[in-house]
Every structure is written in C-alpha cells, then in structure tokens.
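Here is the structure we will look at.
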Amino acid sequence: DTFALAGDALLVLYRSTENGQTVCFIDVYDNQTGTLLRKFALAARAEADEEQGGIEVQGDALYIVRRNADIVDVYNWREGILSRSFGRGRVRFDRPGGISVRGKTMYVSERHQIQVIRLPDDDSAEPEILQVIPSPDDEELGGLCVSHDGNRLWCMGPEFGPTGGDSTYVHLFGPCY
C-alpha cells in the first residue's frame with residue numbers, strides 16, 4: 001500500500017479481496033476532510049499478485065510502478081482510466097521500484113540503476129532515455145524522490161547496507177537531467 005498527494009486530493013493504492021478475487025484499487029480522498037471522493041480498480045491487466053512499486057502524481061496523471069511486470073502504467077486519476085504504459089518499447093525496466101516525475105522528465109529506480117526518461121508530448125510517441133545512472137555499489141535500488149528543481153535525486157539503497165548491517169541508506173545524486 002502506498003499513497004501520493006495530487007493537489008487537493010490524496011490517492012491511496014491498496015489491495016482488497018472481494019468475492020474471492022484480489023484486486024488493486026485507488027481511493028481518492030479530499031486531503032483536507034478525509035472524505036472519500038471516488039474509487040477505481042486498476043486495469044484488469046494489472047494483476048493483483050504483482051508487487052506494486054511507487055506511485056507518483058503530476059497533474060491528472062498517476063504513474064504506478066508494476067515491479068514484477070517491469071511496467072509503469074499511467075492513469076488519468078480523475079477519470080480512473082489507464083491512458084498508457086511504459087516498459088515494452090524502447091524503454092525497458094528491470095524490476096522498477098521507485099518513480100518520480102518533474103515536468104517532462106521521469107526518474108525510475110530499478111534493480112541496479114536509475115533511468116532518466118523524457119516523456120513524450122504526444123501519447124502515441126515513445127519516451128526517450130536521457131541518462132542511465134548505475135547503482136553506486138551495484139546493490140538493488142528502491143524508492144526515490146527528486147527535488148522540485150530537478151537538481152538533486154535521492155534513492156534508497158537496499159534494506160541491508162553495504163557493510164551488512166540492518167540499516168537502509170540513501171544515495172544522493174546530482175545534478176542530473
């Protein structure tokens with residue numbers, strides 16, 4: 001389960017079992033009152049047994065990482081409609097986990113790298129890979145976030161640090177695209 005702010009709304013991704021079927025949902029709440037505004041199920045092809053990664057919101061677009069499928073789905077969260085998916089064309093992912101979007105730039109952390117991707121202006125066009133940043137210690141990477149100006153990128157390292165302890169650590173990258 002994870003969540004993201006979208007202006008005056010809070011979007012919550014979760015799984016629920018109904019009639020013996022596990023389904024992934026997005027609940028949209030008013031972030032001031034907590035009132036449930038609407039709810040929608042993820043598209044049928046977003047299998048409920050898939051491990052979900054991070055989510056990110058920019059305008060009406062909700063980006064959802066489907067970790068096991070190596071896909072990033074883009075929904076119009078106001079309408080609850082899947083508008084497109086990334087990961088089967090020129091851009092391919094390897095167990096994506098974290099996502100952040102600033103303007104037309106999407107950052108996706110994966111198993112051993114971060115891809116910096118320019119999003120197309122047109123939904124029929126393919127995105128373009130701008131930069132690939134390898135994991136500094138060749139360990140699996142997790143969630144990430146980008147500063148508002150796009151000059152700093154933070155990414156979680158593995159659950160166990162490079163010396164084998166039980167603490168998670170954070171990598172700081174920058175400047176980047």
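Is it true that some residue in segment 151-159 is at pLDDT 75 or above, more than 22 Å from V74 (Cα to Cα), surrounded by 14 or more Cβ atoms within 10 Å (Cβ to Cβ) and in contact with a Phe, Trp or Tyr (Cβ under 6 Å, 6 or more places away or on another chain)?
First, the residues of segment 151-159 that are at pLDDT 75 or above: 151-157.
Restricting the remaining residues to those that are more than 22 Å from V74 (Cα to Cα) gives 151-152, 154, 156-157.
Applying the additional criterion that residues be surrounded by 14 or more Cβ atoms within 10 Å (Cβ to Cβ) yields 152, 154, 156-157.
In the following step, the residues that additionally are in contact with a Phe, Trp or Tyr (Cβ under 6 Å, 6 or more places away or on another chain) were identified as 157.
Scanning segment 151-159, I find at least one residue that is at pLDDT 75 or above, more than 22 Å from V74 (Cα to Cα), surrounded by 14 or more Cβ atoms within 10 Å (Cβ to Cβ) and in contact with a Phe, Trp or Tyr (Cβ under 6 Å, 6 or more places away or on another chain), so the answer is yes.
Where the second residue is open to solvent by less than 40 Å² (accessible area, probe 1.4 Å) and of a type in the set (G, A, S) and the first is at negative phi and free of Cβ contacts under 8 Å to residues at least 24 places away in the same chain and lies in segment 8-36, which pairs have Cβ atoms under 7 Å and are six or more apart or on separate chains?
Pairs that qualify, where the first residue is at negative phi and free of Cβ contacts under 8 Å to residues at least 24 places away in the same chain and the partner is open to solvent by less than 40 Å² (accessible area, probe 1.4 Å) and of a type in the set (G, A, S), are F25/S16; Y29/A9; D30/A9.
Note down all Cβ pairs under 6 Å where the first residue falls in segment 132-143 and is surrounded by 14 or more Cβ atoms within 10 Å (Cβ to Cβ), the second is among the aliphatic types (A, V, I, L, M), and they're at least six residues apart or on different chains.
Taking only residues 6 or more apart or on different chains, the pairs are I133/I114; S135/L141; G142/M156; G143/M156.
Could you please find all residues in segment 113-144 being under 17 Å from G54 (Cβ atoms) and in contact with a strand residue (DSSP E or B) (Cβ under 8 Å, 6 or more places away or on another chain)?
First pass over segment 113-144, keeping only residues under 17 Å from G54 (Cβ atoms): 113-117, 119, 133, 135, 140-144.
Passing the criteria: Q113, I114, Q115, V116, I117, L119, I133, S135, L141, G142, G143, L144.
Based on what the data block shows, is D94 under 14 Å from the mean Cα position of the chain (by Cα) and among the charged types (D, E, K, R)?
Against the criterion (under 14 Å from the mean Cα position of the chain (by Cα) and among the charged types (D, E, K, R)), D94 qualifies.
For residues that are of a type in the set (D, E, K, R) and farther than 13 Å from V132 by Cα, scanning just segment 97-116, find the one that is farthest from the chain's Cα centre (by Cα). Please lay out each step first, then the result.
Within segment 97-116, the subset of a type in the set (D, E, K, R) is 102, 104, 110-111.
Keeping just the survivors that are farther than 13 Å from V132 by Cα gives 102, 104.
Numbers: R102: 12, K104: 15 Å.
Taking the candidates together, the pick is K104.
The values are calculated or read from the model by the stated rules, or taken from the named source; none is laboratory data. What you see is a predicted model, and the numbers here were worked out from it, not measured in a lab. Counting neighbours? That spans all protein chains shown, and the Cβs are built from the backbone with ideal geometry, glycine included. The accessibility values were calculated without ligands, DNA or RNA, using every heavy atom of the protein model including side chains. Shrake-Rupley method; radii C 1.70, N 1.55, O 1.52, S 1.80 Å.
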